[in-house]
1. Among the numbered conditions (1) modelled with pLDDT of 95 or more; (2) part of a helix (DSSP H, G or I), tell me where LYS200 comes up short.
2. When you look at GLY174, is it out of contact with any Ser or Thr (no Cβ under 9 Å at 6 or more places or on another chain), surrounded by fewer than 11 Cβ atoms within 10 Å (Cβ to Cβ) and either among the small types (Gly, Ala, Ser) or at pLDDT 75 or above (or both), yes or no?
3. Do the conditions hold for GLY208, that is, is it in contact with a Gly (Cβ under 9 Å, 6 or more places away or on another chain), in the same structural domain as GLU294 (by TED's automatic domain parsing) and at pLDDT 80 or above?
4. Name the single residue, out of those in the range 99-118 being under 16 Å from GLU33 (Cβ atoms) and not basic (Lys, Arg), that is surrounded by the most Cβ atoms within 10 Å (Cβ to Cβ).
5. Checking PHE191 against (1) at pLDDT 90 or above; (2) among the aromatic types (Phe, Trp, Tyr); (3) outside the structural domain of TRP295 (by TED's automatic domain parsing), which test does it fail?
6. Only one residue in ILE287, ILE253, ILE231, ILE263 is in contact (Cβ under 8 Å) with a residue 60 or more places away in the chain and either touching a Leu at 6+ places or on another chain (Cβ under 8 Å) or not assigned by TED's automatic domain parsing to the domain that holds ASN209 (or both). Which one?
7. Identify all residues within the range 76-93 that are loosely packed, with under 15 Cβ neighbours inside 10 Å and at pLDDT below 75; write none if there are none.
Amino acid sequence: MANNVVTIDNKYQRKELLLPKVIPAGSGYTELESILNLENDNEGVDARNKDSLFFIFKIAGTMPINTEIVITPIINTFSSLDDITVLCGTITDDNLIVRVEGNDTIRDADKVKITFRFVQGAFAYTVTELSSSVKKKDEIESVSDAAYAPSWNGDTSTAASKNALYDIIASLVGAGVTSFNGRTGAVFAAFGDYTATLIKNTRIDHSGNGNISVNDIGKVHRVSAAAVLNIPAGTTAMIGQATTFVKWTAGEIDLQFDGADVIMDSAVGALLRNSTAAEEKIATVTIMFMGNNEWIVTSSNGSWYTV
């Protein structure tokens, strides 16, 4: 097979220049070969110092799993050494950096032949960049600009760049709140937002008979005169919402539940009542819908009972 790699003038490095290379669809593999020169005053890759041999891919499309890199020693004075085979994972439109850390086979060779066996799959893909190089331990790049992906998990030797971290954090933060309570831009809640808007809209005053709407569940109701207040039929959306009634009168207060609902151990459609005049501005009760037509009292003060 023709050598598809041309030497460039850089210590221990070769770079694929006859690219892009289309890997057609199929069930076999397509090979690219190169020779990497490790000779330089006997300063080749040193297994003891954890020097590394790097292979860097850029792919357009999807490279299937198990593409092989086969490293074959080419030697002058040493005995035969075993090949090294590295299997690559699946990559899609991204960079893949494969690192072979210091190995006797590499260290004891003057040169190595590198055979890239690109696996063919259901769809064609294109190798847009391919390079191999040796880096001494103190030259190894420890920062990657690769985008956040599952491949980060388990990698304890490569740091993420500021750019990669910024991109993932920015995607999580989103645009944020840009308008609230008549203000726009960088919006922060102020004390007045709570007192003027939230609290004001939370309490409802009653001065006689009336209906509690579904939208009023979850709010505080102050009752300032004798009244029968009709509680809406419980719905799924109301489950877990606490609604409080404050007796602001000496008169009798009845909470009338829907004909299908029960409060505590009452019969369906029962009343929850407070008729104690002396408990004006003292008696309170908080009810919560639990689903299945059941209401409960979560807290109370005063003399409340079912009828």
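1. Evaluating LYS200 over (1) modelled with pLDDT of 95 or more; (2) part of a helix (DSSP H, G or I) leaves (1) as the failure.
2. So GLY174 fits the description; yes.
3. No, not satisfied.
4. The residue in question is VAL112.
5. Failing condition for PHE191: (1).
6. ILE231
7. Matches in the range 76-93: ASN76, THR77, PHE78, SER79, SER80, ASP93.
Per-residue answers, yes or no, for (1) among the hydroxyl-bearing types (Ser, Thr, Tyr); (2) surrounded by 13 or more Cβ atoms within 10 Å (Cβ to Cβ); (3) within 42 Å of the chain's Cα centre (by Cα):
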{"position": "VAL262", "(1), (2), (3)": "no, yes, no"}
{"position": "SER266", "(1), (2), (3)": "yes, yes, no"}
{"position": "GLU279", "(1), (2), (3)": "no, yes, no"}
{"position": "THR284", "(1), (2), (3)": "yes, yes, no"}
{"position": "MET288", "(1), (2), (3)": "no, yes, yes"}
{"position": "ASN292", "(1), (2), (3)": "no, no, yes"}
{"position": "VAL297", "(1), (2), (3)": "no, yes, yes"}
{"position": "SER300", "(1), (2), (3)": "yes, yes, no"}
{"position": "TRP304", "(1), (2), (3)": "no, yes, no"}
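The values are calculated or read from the model by the stated rules, or taken from the named source; none is laboratory data. Every value quoted in this text rests on a predicted model; they were computed, and no experiment measured them. When we count neighbours, we look across all protein chains shown, and the Cβ atoms used for this are built from the backbone with ideal geometry, even at glycine.
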